[in-house]
Amino acid sequence: MNRTAVFPGSFDPVTRGHLSVIRRALPLFDHLTIAIGTNAGKTAMFPLETRKEWLLRLFAGEPRITIAAYSGLTVDFCRKINAGYLLRGLRSSADFEFEKGIAQMNQLMAPEIETIFLLCDLLYAPISSSIVRDILRNGGDVSRFIPEGISIPQTVKP
Ligand code: ADP
């Protein structure tokens, strides 16, 4: 059986926390599609193309990882690419409560798709893209929180 998982997110920007979950999940699946969700109601700090390029660069040497963008329901995207698993990372009990609701709704809509949670590595638990964006808006250094080799464009939206 081909175990394909989708790891959906905004990746605005990609962080060391994302990287850690992806690395740890890879041995569990045959293929992992990192899927950048695009939401008309949500404006990202970084353009989709930039977020995609970062991920493509990070995983260029990994044939079992695909980078994609999608809009609409995550379960519809999973069905479209024949993925049986949806992967999410958990940093805290707040993440759990939030993710539980989404996973249960997804299960009602698409019972054939199993959501798998990985507890995040302790070292990366406090890292979130939204805090990284706040630090950037205030002119701080985020290099410890984002993967090596990722460069943030000089012109960042306020
Ligand atoms: P979303 O807007 O869908 O939450 P994110 O890009 O913020 O998208 O996150 C994508 C996934 O990565 C989510 O499952 C989230 O829980 C997980 N994640 C985010 N930051 C970390 C971290 N520091 N450690 C582990 N998982 C994380």
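The values are calculated or read from the model by the stated rules, or taken from the named source; none is laboratory data. Note that the structure is predicted; figures quoted are calculated from it, not measured. Using ideal geometry, Cβ is built from the backbone for each residue, glycine included, and neighbour counts are taken over all protein chains shown. Note: areas computed on protein heavy atoms with side chains; ligands, DNA, RNA excluded. Shrake-Rupley method; radii C 1.70, N 1.55, O 1.52, S 1.80 Å.
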Of 119, 73, 123, 90, the only residue that is surrounded by 15 or more Cβ atoms within 10 Å (Cβ to Cβ), within 15 Å of the ligand (Cβ to nearest atom) and of a type in the set (A, V, I, L, M, F, W, C) is 90
Checked 52, 42 against criteria (over 15 Å from residue 146 (Cβ atoms) and open to solvent by 80 Å² or more (accessible area, probe 1.4 Å)); the one match is 42
- Item | Boolean, residue 83 is in contact (Cβ under 8 Å) with a residue 40 or more places away in the chain and away from the ligand (no atom under 14 Å from the Cβ) | yes
Subset of the stretch 21-39, residues of a type in the set (Ser, Thr, Tyr) and either over 11 Å from the mean Cα position of the chain (by Cα) or surrounded by fewer than 18 Cβ atoms within 10 Å (Cβ to Cβ) (or both), comes to 38
Those residues of the stretch 57-70 which are open to solvent by less than 60 Å² (accessible area, probe 1.4 Å) and hydrophobic (A, V, I, L, M, F, W, C) amount to 58, 59, 65, 67, 68, 69
